[in-house]
Amino acid sequence: MRTVMHAEFGDPSHVLSVTETEMPEPGPGEVRVRLLLSPIHNHDLWTIRGTYGFKPELPARAGTEAVGIVDALGEGVEGLTVGQRVATGGTFGVWTEYFTAKAAALLPVPEGVPDEVAAQLVAMPFSAISLLESLGLSEGDWLIQNAANGAVGRLVAQLAPARGIHVIGLVRRAEGVAELAAAGIERVVATDAEDWKDQVRAIAGDAPIKAGVDSVGGEASGEVLSMLGEGGTLVSFGAMASPTMSISSGDVIFKQATVRGFWGSKVSATMPAEDRRRLMGELFSRLGDGTLRLPVEAIMSFDEVREAAAANFTPGREGKILLKP
């Protein structure tokens, strides 16, 4: 079968290739899945670069989220059937024609949910709603986030209003404001404007901004922190621009601020099953009422994987890049 692999860490647009590998057999408690579609996530590409929290042995496979068809069942697997459509958001090495996964890591996909949606339902949407849950915000509270035009930024902006949470989004260029407005996402400010902080304060009024989400790093971390109210919490979710955070010690001290990280994989792995079911139910409800939208920018084949990896960072991209065998 055909598998996307890399023999060294580096730029995904240079090191990825398609290799012939053996068909896997599912072990006890495992399921073999035939891949339909898999999204490219930033963390997939950071893993290929060797800069993520998880570093696989080389030569390595890639990809972590997918929708596919159950092809074979390992010993002791119950509740799943051959031919059933399933999704997974935490199975490493899914950029291959067939992969094995723990049965417990697979989510049956309801009829009526398109493959393009199911392929990206688990990882980013679940991370976004888990992030919201972790902030402990109440109805009427304010949240600010950078990278508002990124995948998670868009998801947070779609999911928070249903909880009564107000979101202010930051983007680096004025064009991003119009792009998000076209997607129905308002309260977005471009930080390339000299008065962007005044714009943020005008939106929130006298209400304190209780939480900030930083997905960029560098100076952008400090920008988010500077807008928080006293006792606010800054959460580091990603590091798109820099692996370090540049923040003012004065803001931390005098705002009595809390700075912490959020790693979706760790949060998901330790989350009680009851909470997981509740949050997944909330996601399906938001899909059903049209609040949650998961657009697709392009579907590309394994043979185009290098081009697909490069396309992931195209400015103005509105939807996910999906891979197909």
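The values are calculated or read from the model by the stated rules, or taken from the named source; none is laboratory data. Predicted model only: the values in this text are computed from it and were never measured. Neighbour counts are summed over all protein chains in view; Cβ atoms, including those assigned to glycine, are modelled from backbone coordinates with ideal geometry. Remember, those area values only see protein heavy atoms, side chains included, never the ligands or the DNA or RNA. Shrake-Rupley method; radii C 1.70, N 1.55, O 1.52, S 1.80 Å.
Scaling the Cα radius of gyration of region 265-325 by the globular reference 2.2 N^0.38 Å produces a ratio of 1.51.
Counting only aspartates and glutamates at least 8 places from K102 when in the same chain, those with an alpha carbon closer than 14 Å to its own are E25, E30, E65, D71, E75, E78. The Rg/Rh ratio of region 1-101, with both radii computed over alpha carbons and Rh defined as the Kirkwood radius, is 0.99.
Among beta bridges from DSSP that stay inside the chain, the antiparallel ones total about 50%.
Could you compute the FRET efficiency for T19 and A104, with r as their C-beta to C-beta distance and R0 at 30 Å, rounded to 0.05? Display every interim value, and only then the final one.
Details: r = 29 Å, r/R0 = 0.96.
FRET efficiency, T19 to A104: 0.55.
Using only alpha carbons, build the gyration tensor for region 82-158 and give me the equivalent ellipsoid semi-axes, biggest first, whole Å. All intermediate terms of the calculation are to be shown ahead of the outcome.
On the way: eigenvalues 169, 34, 31 Å².
Whole-Å semi-axes of the equivalent ellipsoid: 29, 13, 13.
Modelled this way, with points 7 Å down the Cα-to-C-beta line, the labels at A311 and R201 are 4.4 nm from one another.
Each residue, A269 and S246, gets one label point 7 Å from its Cα in the Cβ direction; the gap between the two is 3.3 nm. Spatially, region 253-310 and region 38-87 are offset by 15 Å when compared through their Cα centroids.
Taking the protein heavy atoms of the chain in the context of the full set of protein chains, the accessible area attributed to carbon and sulfur is 50 percent at 1.4 Å. Within region 232-273, the proportion of Cα pairs with more than 15 Å between them is 54 percent.
So, counting K/R as plus one and D/E as minus one, what does the shell of residues with Cβ under 11 Å around V200 add up to?
Details: positive: R187, K197, R201; negative: D195, D198, E223.
Summing Lys and Arg as +1 and Asp and Glu as -1 gives 0.
Each 5 Å bin from 0 upward holds the following percent of the Cα-Cα pairs of region 158-308: 2, 7, 13, 16, 20, 17, 14, 7, 3, 1, 0.
For the full complex of protein chains and a 1.4 angstrom probe, list K324, K266, K255 by accessible area with the highest value first.
Values: K324 90, K266 125, K255 40 Å².
Ranked list, largest accessible area first: K266, K324, K255.
Here the chain is described by how far its Cα atoms reach on the three principal axes: 59, 41, 36 Å, from widest to narrowest. Largest first, the extents of the alpha carbon coordinates of region 122-178 on the three principal axes equal 31, 27, 15 Å.
Summing Cβ point charges (Lys, Arg +1; Asp, Glu -1) relative to the Cα centre of the chain gives a dipole of roughly 340 debye.
To the nearest 20 debye, what charge dipole does region 59-202 have about its Cα centre, counting +1 at the Cβ of each Lys and Arg and -1 at the Cβ of each Asp and Glu?
Here the size comes out at about 240 debye.
Taken about its Cα centre, region 190-278 carries a charge dipole of roughly 620 debye when the Cβ of each Lys and Arg holds +1 and the Cβ of each Asp and Glu holds -1. Beta bridges per DSSP, both residues in region 1-134: antiparallel share near 100 percent.
The orientation-averaged projection of the convex hull spanning the C-alpha atoms of region 106-216 amounts to 7.9 square nanometres.
Taking a temperature of 10 °C and a viscosity of 1.306 mPa s, what whole-number D in µm²/s does Stokes-Einstein yield for region 190-279 with Rh from Kirkwood over alpha carbon pairs? Please list the in-between numbers first.
Values: Rh = 14.4 Å.
It comes out at roughly 110 µm²/s.
May I ask which of K197/K320; K55/K255; K55/K320 have a Cα-Cα span longer than 28 Å here? In this structure, K197/K320; K55/K255 lie more than 28 Å apart at Cα.
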